[in-house]
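Written below as structure tokens is the structure these notes are about.
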Amino acid sequence: MLTDTILEDPRWDTLDFETLAETAAHATLAHLALKAEDFEIAVLACDDARIAVLNADFRDKDKATNVLSWPSEERGAEDDGADPLPPEQSLPGMPEELGDIAISYDTCLKEADAAGKSLADHCTHLVVHGVLHLLGYDHIRDKDATLMEGHEVAILGKLGLPDPYDDT
């Protein structure tokens, strides 16, 4: 398995979140021509209380958020809009850790409801988003955001999901 998922909140069971996370992570790596069997990702499916603590501890933001990611190493591109270098396996035959993702049920549900989207579709988007962060993609600089969002839209499209940035 590509993803090692820990369900801290039982509400995630209603989504079959382990399968959702595995599917989204596989689709992301496949889109970038990376072999899923070469990597592993830890995913924590939690609630707002837990993610608020993580957000405060790691980002000095004392509030809940939808998704957080911690890459195992810095992979970001120096030039705005450039693709990050792909991760390499340090030990042949052993999966390389890409990093960790945490996602909050409460915030995801609020956002999905507000946008009129299904919770599963919104969470799939956020797992794709988190995996892209682990791979060095970001959205701080304008061209980086355009690149990352383009990948998200393409990956979700391949999964049969609509463009999450289309407000029409």
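The values are calculated or read from the model by the stated rules, or taken from the named source; none is laboratory data. All values reported here derive from a predicted model rather than from experimental measurement. Using ideal geometry, Cβ is built from the backbone for each residue, glycine included, and neighbour counts are taken over all protein chains shown. These area figures cover heavy atoms from the full protein model, side chains too; ligands, DNA and RNA do not enter into them. Shrake-Rupley method; radii C 1.70, N 1.55, O 1.52, S 1.80 Å.
Things to note:
- Inter-residue pairs, beta-carbon under 7 Å, first modelled with pLDDT under 90 and in the stretch 82-102, second not in a loop (DSSP other than H, G, I, E, B), 6+ apart: Q89/D38; Q89/E96; S90/E96
- Test for S69: is it open to solvent by 30 Å² or more (accessible area, probe 1.4 Å), more than 16 Å from T28 (Cβ to Cβ), out of contact with any Cys (no Cβ under 9 Å at 6 or more places or on another chain) and among the hydroxyl-bearing types (S, T, Y): no
- Contacts under 7 angstrom Cβ, first residue in the stretch 2-24 being more than 15 Å from V128 (Cβ to Cβ), partner loosely packed, with under 15 Cβ neighbours inside 10 Å, 6 or more apart: L7/D13
- Count of residues meeting criterion [open to solvent by 40 Å² or more (accessible area, probe 1.4 Å) and not basic (K, R)] in the stretch 151-168: 10
Table: residues versus (1) under 16 Å from the mean Cα position of the chain (by Cα); (2) surrounded by fewer than 14 Cβ atoms within 10 Å (Cβ to Cβ).
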| residue | (1), (2) |
| --- | --- |
| D9 | no, no |
| A21 | yes, no |
| H26 | yes, no |
| R50 | no, no |
| E78 | no, yes |
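- Within the stretch 89-130, the residues that satisfy the criterion of being over 14 Å from the mean Cα position of the chain (by Cα) and of a type in the set (A, V, I, L, M) are L91, M94, L109, A112, A114, A115, L119.
- Residue match in the stretch 69-81 (condition: at pLDDT 95 or above and among the aliphatic types (A, V, I, L, M)): no
- Subset of the stretch 100-126 (residues that are open to solvent by less than 20 Å² (accessible area, probe 1.4 Å) and not in a helix (DSSP H, G or I)): I101, A102, I103, S104
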